[in-house]
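For reference, the structure is listed below as structure tokens.
Laboratory data are not the source of any read-out in this text; all were calculated from the coordinates shown. For clarity, every value in this text was computed on a predicted model and none was experimentally measured. All Cβ positions, glycine included, derive from the backbone under ideal geometry; neighbour counts span all protein chains shown.
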Amino acid sequence: MAFKTAGLADVAFIYVDDFGVWSRNLDDHEWHMCAVLCLIQDLGLTLAQDKAHVTHNKVPLLGHLISGKGTRTMPSKCQAIQSIPYPSTLAQLEHVIRFFSYYKNYVPCFSALIAPLQHLKMTLLHPSPKTGHAHKCYCAGTSVPDDPSTHQSLTELKSILQNCTLRFPDYTQPFLLYVDAS
């Protein structure tokens, strides 16, 4: 909110305790950084120097690596993605679905790819208690059957997230819009 009211919403954003400042060139970046740092000082906030990445071509932010080319999953996250085993319990299945949903913008036709895992989850959840401790116990104790379509879904999701970049829009080119209703 403070960035917006200070007229900095086009060059800076804040998310919980992280913020980013971007610019087209070094001169603009110097001005933008001065404006943002003055605002932070006026608000009485402090920054962690070890987390600061100033004048870098790419920076890690919220599990993504952001550069002038676009955003991508961080290499450490890619390694973690590849090591995700096939879930053995409903609780693990729910965790896997939530994890991939966080990165769904990187996955074309995400709804179709995640559908076998979602269908299995809903099938297994049907008789469960809806909330609370009983729900958690049910999910932790419910085994996930071995199913080729869910294995394939998990493998394809891992493969897509291994090496992908979301490019920033080029406003000089026409846009082609695909709508995913997930």
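Brief remarks follow.
- Verdict on SER128 being within 18 Å of PHE99 (Cβ to Cβ) and either surrounded by 13 or more Cβ atoms within 10 Å (Cβ to Cβ) or of a type in the set (Asp, Glu) (or both): no
- Hits in region 34-57 - residues which are touching a strand residue (DSSP E or B) at 6+ places or on another chain (Cβ under 6 Å) and surrounded by 14 or more Cβ atoms within 10 Å (Cβ to Cβ): VAL36
Conditions tested, residue by residue: (1) assigned to a loop (DSSP other than H, G, I, E, B); (2) under 16 Å from the mean Cα position of the chain (by Cα); (3) of a type outside the set (Phe, Trp, Tyr).
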position: HIS29; (1), (2), (3): no, no, yes
position: MET33; (1), (2), (3): no, no, yes
position: VAL54; (1), (2), (3): yes, no, yes
position: ILE66; (1), (2), (3): no, yes, yes
position: SER76; (1), (2), (3): no, yes, yes
position: ILE84; (1), (2), (3): yes, no, yes
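- Taking region 82-128 as the range and being more than 19 Å from THR165 (Cα to Cα) and β-branched (Val, Ile, Thr) as the test, the residues that pass are ILE84, THR89, VAL96, ILE97, ILE114, THR123.
- Close pairs (8 angstrom Cβ cut-off, 6 or more residues apart or separate chains): without any contact (Cβ under 8 Å) to a residue 40 or more places away in the chain in region 41-55, surrounded by fewer than 10 Cβ atoms within 10 Å (Cβ to Cβ) and assigned to a loop (DSSP other than H, G, I, E, B) anywhere: none
- In region 130-173, of all residues being assigned to a strand (DSSP E or B) and in contact with a helix residue (DSSP H, G or I) (Cβ under 9 Å, 6 or more places away or on another chain), the one that is farthest from SER67 (Cα to Cα) corresponds to SER143.
- The residues of region 8-40 that are farther than 18 Å from SER67 by Cβ and free of Cβ contacts under 8 Å to residues at least 12 places away in the same chain, listed by number, are ALA9, ASP10, VAL16, ASP17, ASP27, GLU30, TRP31, CYS34, LEU37, CYS38, ILE40.
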